[in-house]
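First comes the structure, then the notes that go with it.
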Amino acid sequence: MIWKTLYSRLKASLIVMIGISILIFAVARVMPGDPARIALGANASAEQVAALRADRHLDDPLPLQYWEFVKALSHGDLGKSLFTNRPVSTDIAQFLPATLELVVVSGLIMALLGLPIGAISAHFRGRAIDQIGRLVALLGVCTPAFVWGVILQLLLGYFWPIFPIQGRLMDATPVPPTVTGFYLLDSLIAGEPGTFLDALHHLILPAVALALGGMGQVARLTRSNMIEVYGKPYVEMAEAYGFRPWRIVSRYAFVPAFIPTLTILGLEFAALLGNAFLVEKVFGWPGLSRYGVDVILRKDLDAIVGTVLIIAAAFLIMNIVVDLLVTLINPRIRLSSRRD
Amino acid sequence: MTEPVLAIRDLELTFGRWRRSKVLHGVSLHVRAGEKVALVGESGSGKSVTARLAMGLLQETGNVDVAGSIRVDGVEAAAGGRQIRRLRGRRVAMIFQDPTSALNPAFRIRGQFREVLRTAEPGLSDREADARAEAALAEVSIPDPARALNSYAFQLSGGMNQRVMIAMALANRPSLLIADEPGTALDVTVQAQTLELMRDLAATRGTAVLLISHNLGVVREFADRVYVIYRGRIVEHARTAQLFSDPRHPYTRALLAAIPKISGGGLPDLPERSPDFENPRIVHEGCAEPWELRP
Ligand SMILES: Nc1ncnc2c1ncn2[C@@H]1O[C@H](COP(=O)(O)OP(=O)(O)OP(=O)(O)O)[C@@H](O)[C@H]1O
Ligand SMILES: [Mg+2]
């Protein structure tokens, strides 16, 4: 049944990917401006521009171009950047890990702050601790990530400069040999704790800035779901049977409330990818989102399509993972599905 | 005589901080070890709140004002707090109206049972806890205890869940068991089984049982003594036989007079509310509260 769920989700995702690819393919080409001219600059001659257009099949009809694109994609070729003249897949491979590292750490911060804040708020509902928790959550929700970025830079990078505010490592720190592209992991694999700490040091501010919005959303949702659960007979039962309050908050009320929260948690996690680009901009983070914005501004056709597809794929994978987790964690679904 | 296991004296309860509504106006009752006592009254008369106060549960919501005294197993519980909290699940236990919704849907019976056992013995090993849980389930005639432990509440029948809950309630050998309309959400056979179990318990272990009900038929069959509650006041207190043969309070009389008209033994709806329903409490001979006996 897990496999059935997985299969149907994969099928749906494939259809979504095809739709997105057509859409972004068309939109990128319909946008005003000649990509060849932008790539070559104002000083290039008309012949040079025409040659580049011909080389990249830009004068072919759209459906034909799309067909060529799909054919290339089937051997993993995402085309070539008009600007760097490198394969788009090489660019993406260079920039994606930085974004994923940021997003994964940010997602962890989001969950590890949001869930307990919501749970504690719910436990002390109506009291001062709850008010504080709700205020924190609200601030998180209503302040955009890049504003958090600037605020954190000012407070912890400038007035009280305990964190670096640009890049992934100090200039003096050597980049660890690439295994995963995650500096945190690569530095540990290479056995360089100093690099690890430096990477972590650089990662904290952007990851927190990115996390706070989703953190607020998760905290609010956890709180309201848990307050609902606190009204259920099984929580009164837990109290009547002497379960310790701490066990009730962290387990007997938390888990039933977490099941519906998990779906939203997954969506928020995926949304981090979308929010990452302004944070990457603010923190000079060499990630894919920033790359995406740059290529859009340069109208770098294949790069735009490639970046959007990769981000969409990450989104869809995230959704599938969440669906599977929901199936696994909810005993009702898990057991009802085992029977068929 | 020894001190009653549960002694509630002049209990008053007011809900709300600003918009106050008074729900209990001086309830007194007691239950001794091995006794089966019933609290009957119509819907909204204050039965459940009395039970939840006795367990110290309602006090924790922080939205209530309580006056009077509740002594449970020698502990003063009216104000709530740590002492009564520590008795819960060990010296006092409660069984609920709908067992299926009173068991946590996200955990197997096994985990919940371990938690219950560990309220009395925090260091209990998993294996020891499971062995005791199986024994406790066998005691309430659950055919395959190991399978029940591995199940979630929604996989078991209502009757099974009821037994599971009773087994949990009894697992730590409480001296007081409060049953708030046990099994009324379930069918009649399960209700009857539940009462049978509780009767055994009172007889063999000397557990004090407070049964809350609005079913006069059940009360007549089960209880040694009966308190009739009307709008937050005890209006009559008698031995069961006395109450049914010689009801003296106008409210009780009206109830008993109305009984033959209905089937199933539920509490009849009294369309006419006479002002003399609010008459003072009537206590039958030999039924005075312990503290009223002393000069
Ligand atoms: N949390 C609460 N806040 C305000 N009023 C409450 C609350 N809980 C109960 N009450 C009120 O207290 C009164 C007694 O309620 P209680 O639940 O004890 O009735 P009951 O005798 O158990 O009735 P039933 O037979 O329907 O279970 C009712 O009028 C009810 O509206
Ligand atoms: Mg009730």
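The values are calculated or read from the model by the stated rules, or taken from the named source; none is laboratory data. Please read all numbers here as calculations on a predicted model, not as lab measurements. Counting neighbours? That spans all protein chains shown, and the Cβs are built from the backbone with ideal geometry, glycine included. Note: accessible area is taken over every heavy atom of the protein model, side chains too, but ligands, DNA and RNA are not part of it. Shrake-Rupley method; radii C 1.70, N 1.55, O 1.52, S 1.80 Å.
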Solvent-accessible area per residue for the protein assembly as shown (1.4 angstrom probe, square angstrom): 47
FRET efficiency, residue B:257 to residue B:285 (Cβ-Cβ, R0 25 Å, nearest 0.05): 0.65
Charge sum, other residues only, whose C-beta stays under 11 Å from residue B:152's C-beta, Lys/Arg counted +1 and Asp/Glu -1: +4
For region A:98-297, with +1 on Lys and Arg beta carbons and -1 on Asp and Glu, the positive-most of A:128, A:211, A:199 along the dipole: A:128
Reachable aspartates and glutamates from residue A:80, criterion Cα separation under 18 angstrom, eight or more residues apart if same chain: A:34, A:55, A:59, A:60, A:68, A:91, A:294, A:300, A:302
Residue A:129/residue A:60 FRET efficiency (R0 51 Å; Cβ-Cβ; nearest 0.05): 0.20
Helix-only mean residue ellipticity at 222 nm for the protein assembly as shown, each DSSP H run of n ≥ 4 adding -39500 (n - 2.57), per residue, nearest 500: -18000 deg cm²/dmol
Local net charge near residue A:182, Cβ-Cβ under 13 Å (Lys/Arg +1, Asp/Glu -1): -1
Carbon plus sulfur fraction of accessible area for region A:104-175, probe 1.4 Å, in percent: 76
Where a label projected 7 Å from the Cα of residue B:2 along Cα→Cβ would reach, residues of region B:35-74 with amide N under 19 Å: B:35-37, B:71-74
Residue-span extension gain [residue B:203 to residue B:187] - 0.36 nm each, minus C-alpha spacing: 3.3 nm
Per-residue SASA entry for residue B:15, accessible area with 1.4 Å probe, Å² rounded to 10: 60
Sites residue B:248 and residue A:228, calculated FRET efficiency, Cβ-Cβ separation with R0 41 Å, nearest 0.05: 0.35
Label-zone membership for region A:86-100, site residue A:77, 7 angstrom Cα→C-beta point, backbone N under 16 Å: A:86-91
For region B:68-106, residues shielded by at least 10 square angstrom of accessible area compared with the chain on its own, probe 1.4 Å: B:85, B:88, B:89, B:94, B:96, B:101, B:102, B:104, B:105, B:106
Cα gyration tensor category, rounded, prolate or oblate, for region A:193-248 with a/c compared to 1.5: oblate
Accessible area of chain B belonging to carbon and sulfur atoms, whole % at 1.4 Å probe: 48
Projected label distance in nm at residue A:17 and residue B:196, using a 7 Å step from Cα toward the beta-carbon: 6.2
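Could you size up the charge dipole of chain A around its Cα centre, putting +1 on the beta carbon of Lys and Arg and -1 on that of Asp and Glu, and report it in debye to the nearest 20?
1320
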Exposure of residue A:127 as accessible area (Å², to 10), given a probe of 1.4 Å and all protein chains: 130
Simple label model, 7 Å out from Cα along Cβ direction - residue A:46 to residue B:135, nm: 9.9
Residue-count net charge about residue A:134 - beta-carbon cut-off 14 Å; Lys, Arg +1, Asp, Glu -1: +3
Fluctuation leader among A:253, A:122, A:44 - chain A, Gaussian network, Cα springs under 10 angstrom: A:44
A versus B: buried accessible surface, summed, Å² (probe 1.4 Å, to nearest 100): 2300
Qualifying trypsin sites (Lys or Arg not before Pro) in region B:1-74, DSSP loop, other Cβ atoms within 10 Å at most 15: B:17, B:19, B:20
